[in-house]
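In what follows, a single structure is set out as structure tokens and then discussed.
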Amino acid sequence: METLHTFIDFGATSIDAMAVILIVGTFLWGSIRFFVHAGHHKGDAYRRYKTFLGRALSLGLTFFVAADVIRTVGVDPTFRNIGILGAIILIRTALSWSLVVEMEGRWPWQPATSENSEMKA
């Protein structure tokens, strides 16, 4: 049983590492791309940069939640840990919603306008 817990914890830690690599890598790549192309796209460069980073942060948060769920349910599923997991998920959901509002100018449950849905990073 200890081997299974070690394997599950290793998997969750690996997902955490992928999330960090994704966020840091995207920040570096997006920043380089922003500074190189800032003069070419004029006013649109910042908006594209912000959307690019926001999408990466949102995906990274999803990875973090997945790792927390795996770790909590697979390694130590106590009521206390499940309660902490619920609080973490609520906080990260609020962060994801605020990212959507920042990137798209609407709440996640509102329909997308054609201008926002055509935005490409």
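At a glance:
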{"item": "For q = 0.15, 0.18, 0.20, 0.23 Å⁻¹, Debye-computed log10 I/I(0) when each Cα of the chain counts as one equal scatterer", "result": "-0.79, -0.97, -1.09, -1.25"}
{"item": "Extension gain (nm, one decimal) between VAL69 and HIS37, 0.36 nm per residue minus Cα-Cα", "result": "7.6 nm"}
{"item": "Projected label distance in nm at THR13 and THR93, using a 7 Å step from Cα toward the beta-carbon", "result": "3.0 nm"}
{"item": "Values of log10 I(q)/I(0), in the order q = 0.26 Å⁻¹, for the stretch 5-51 under a Debye, Cα-only, solvent-free model", "result": "-0.86"}
{"item": "Separation in nanometres of the label points that stand 7 Å from Cα toward Cβ, at GLN110 and GLU2", "result": "5.5 nm"}
{"item": "Angle in degrees between helix 79-104 and the longest Cα principal axis of the chain, rounded to the nearest 10", "result": "10 degrees"}
{"item": "Mean separation of Cα contacts under 8 Å (6+ apart) over length of the chain, as relative contact order %", "result": "31 percent"}
{"item": "Local electrostatic count, ASP16, Cβ distance below 11 Å [Lys/Arg +1, Asp/Glu -1]", "result": "-1"}
{"item": "Mean Cβ neighbour count within 10 Å, used as a protection proxy, ranking 56-67, 19-30 highest first", "result": "56-67, 19-30"}
{"item": "Tilt relative to the chain, helix 44-74 - C-alpha long axis, 0 to 90 degrees, to 10", "result": "10 degrees"}
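Any read-out appearing in this document is the output of simple, stated calculations on the displayed coordinates, not a laboratory observation. For clarity, every value in this text was computed on a predicted model and none was experimentally measured. With ideal geometry, Cβ positions are generated from the backbone for all residues, glycine too; neighbour counts draw on all protein chains shown.
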